[in-house]
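Engineer: The structure's right below; bear with me while I get my questions together.
The values are calculated or read from the model by the stated rules, or taken from the named source; none is laboratory data. Everything quoted here is computed from the prediction, not taken from an experiment. Because the Cβ atoms are built from the backbone with ideal geometry, glycine has one as well, and the counts that use them run over all protein chains shown.
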Amino acid sequence: MGSLVNYIYILSGALFVLSLKWMNSPVTARRGVFAGEAGMLMAIAGTLIGHHANWEWILAALFIGTAVGVPIAYIMPMTAVPQRTAMSHACGALAAALVGTAEYYQRQPHADTELVGFTMVALVIETLLGFLTFTGSLMAMGKLQEILPSRPLVYKNQNAINFVLFAIAIGLGVRVILVPTDTWIFPIFAGLSLVFGVLLILPIGGADMPPVIALLNSYAGLSACAMGFALDNKLLVIAGALDGSSGLILLLFGAFGQIQTAKGKTEQRPYRSASAEEAASILEAASSVIIVPGYGLAVAQAQHKIRDLFDSLGKRGVDVKFAIHPVAGRMPGHMNVLLAEADIPYDRLIEMDDINGEFPQCDVALVIGANDVTNPAARTDKSSPIFGMPILDVDKAHTVMVIKRSMNPGFAGIDNDLYYMDKTLMLFGDAKAFVSEILKELPAAVRA
């Protein structure tokens, strides 16, 4: 029976690896999702086979999770996917931390033989990462949903306080490892881990939430990996390692103490605006157009109208491509999923590194709801909080048109110099409504 379970777990792990591989490309992403689902289903089946005495608990958890997850998947709007992802990280991390806590107290009667060496190290890592990821993910969700202020929250001596608190938590964790019978230390250690998760996200601004989500995902994976070692479960080790390795390139303390100088309002600078009729004439006369989607497109649910615009321009012989910034929207891959929902061809979705070289030859760059990822200040202004961030080189196109509700700043809270360039035309209004107006004017533009 044990050999069968191991074979199932190995096959599940292989499906997880293939899932990640296939999801690297929009063409194979659907196959990757199915592979991941099949791998998880096999993992559950293997667990049922290996723990036949506890079927009722496992099945109860499965049904409860399904009853909660399926409605969320259907009712959650595309604009709230980042928040939902952060919530999923919080739930997964809490589960790992609670399992670690339960294992610690369950093995206390035999602590001298069962809570020693590597097992205890794994339990401490599991609970530390699990609890801090739980509260950190909830904080990220709150900032994305704007329940909490999206701006960085900083205070005097923040770095010192954070590091001291983290050092105390680590010290208590080491004490628990060395003397696992001192059960009074463990709740304090867990509590400090929860507090540190909050402090980890406080000084990070809303514009940095996409990489933060990826980082928290990594922590949740590492927690699950440590849980696998503590429980001697090979599948948890594999799945947790895959999940955890994806975000390790990000720095834990990268945003601590970085006080952004956001003004919260735009300067009174001259800019040019245009009507839907003028925008339609410019688009119809162009030979190449690059559309830059952003969060405003997602909020307006304009992806299907964008598809109509893509089709309409294509019939007129206009070469239309989409420039996809890695963190456009509120999380990595947000725009890819949104545009795929509207059946926009995969080969028209071009990643930032590949499309940036085409902007200087592009007739029109049409920015729809994107802000910070098109801000030239990231290249030129060393005092800007986004200086050094890779951006789309929209400002190098011959003509730039920006669909935006107002001149208010984006998620980073800073003004965008792109809007005040001589080549830029501001198209004010809801993205879906304005694109609809452009579509109505396009036939008139052709007749003219």
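Engineer: Test each condition in (1) modelled with pLDDT of 95 or more; (2) surrounded by fewer than 17 Cβ atoms within 10 Å (Cβ to Cβ) for I350 and report the one that comes out false.
Structural biologist: So I350 meets the others, but not (1).
Engineer: Of the conditions (1) touching a Ser or Thr at 6+ places or on another chain (Cβ under 8 Å); (2) over 20 Å from A95 (Cα atoms); (3) small (G, A, S), A38 satisfies every one except a single condition; which number is it?
Structural biologist: The number of the failed condition is (1).
Engineer: Can you spot a residue in the range 328-346 that is among the acidic types (D, E), over 25 Å from P211 (Cα atoms) and in a loop (DSSP other than H, G, I, E, B)?
Structural biologist: yes
Engineer: Follow-up. Could you figure out which of (1) under 16 Å from F196 (Cβ atoms); (2) in contact (Cβ under 8 Å) with a residue 60 or more places away in the chain isn't true of A90?
Structural biologist: Exception for A90: condition (2).
Engineer: OK, next. Go over the candidates A214, A241, A220 one by one and state the one that is in a helix (DSSP H, G or I) and touching a Cys at 6+ places or on another chain (Cβ under 8 Å).
Structural biologist: That would be A241, the only listed residue that is in a helix (DSSP H, G or I) and touching a Cys at 6+ places or on another chain (Cβ under 8 Å).
Engineer: Search the range 33-74 for residues being within 18 Å of S12 (Cβ to Cβ), among the small types (G, A, S) and modelled with pLDDT of 90 or more, and hand back the single one that is surrounded by the most Cβ atoms within 10 Å (Cβ to Cβ).
Structural biologist: If we take residues in the range 33-74 being within 18 Å of S12 (Cβ to Cβ), among the small types (G, A, S) and modelled with pLDDT of 90 or more, then G39 is surrounded by the most Cβ atoms within 10 Å (Cβ to Cβ).
Engineer: Take S88 and tell me if it is modelled with pLDDT of 90 or more, of a type in the set (G, A, S) and closer than 30 Å to E341 by Cα.
Structural biologist: The answer is no for S88.
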